[in-house]
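Enquirer: Attaching a single structure in structure tokens format; questions to follow.
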Amino acid sequence: MNPDDPLLKILACPLDKGPLHLLAKETGGERAAEGTGAALYNPRLRRRYPIVDGIPQLLPSSGEQVTDDEHEDLLLRIAGDGDLGGSRDDSRGGPRKPGSMTP
């Protein structure tokens, strides 16, 4: 799954139905050695859902709770990536207006 995948705009957390943020696979550092792959993250509930073979595992039982330290690290990654996957706004950056004909 990549950051511009249209599926990211419609995927939601199975618990609170809110938007999820894409966490790309880590390429370096100690966490990469632990096998941290791509995942979708819900910062409101502090839950991470794995992406296995390109398929998001969005069953409530598939999500894992993250520690406070991990949560802070993930928030920094999300902020550094420019809110990938967590926005439901259109491509111009603003909210869609009801009845708008633009995509």
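The values are calculated or read from the model by the stated rules, or taken from the named source; none is laboratory data. No experiment lies behind these values; they were computed from the predicted model shown. Neighbour counts are summed over all protein chains in view; Cβ atoms, including those assigned to glycine, are modelled from backbone coordinates with ideal geometry. Quick note on the areas: whole protein, heavy atoms, side chains included, nothing else; ligands and nucleic acids left out. Shrake-Rupley method; radii C 1.70, N 1.55, O 1.52, S 1.80 Å.
Enquirer: What is the sum of charges around Gly54, taking Lys and Arg as +1, Asp and Glu as -1, for the other residues whose C-beta is under 13 Å from the C-beta of Gly54? Could you put the intermediate results ahead of the total?
Expert: Working: positive: Lys25; negative: Asp5, Asp53.
Local net charge: -1.
Enquirer: Just by accessible area at a 1.4 angstrom probe, what is the order of Val66, Val52 from largest to smallest?
Expert: Working: Val66 10, Val52 75 Å².
Reading off the accessible areas and sorting them downward yields Val52, Val66.
Enquirer: Also, I was wondering about something else. For a quick protection proxy, order the peptides 58-64, 38-44 by their average other-Cβ count within 10 Å, most packed first.
Expert: On the way: 58-64: 13.0, 38-44: 20.1.
Result, highest mean first: 38-44, 58-64.
Enquirer: What does the charge count around Gly63 come to, taking other residues whose C-beta lies under 9 Å from its C-beta (Lys +1, Arg +1, Asp -1, Glu -1)? Walk me through the numbers before you get to the answer.
Expert: Numbers: positive: Arg47, Arg48; negative: Glu64.
Residues close to Gly63 contribute a combined charge of +1.
Enquirer: Using a 1.4 Å probe on the protein heavy atoms only, what accessible surface does Lys9 show? Give it in Å² to the nearest 10.
Expert: 110
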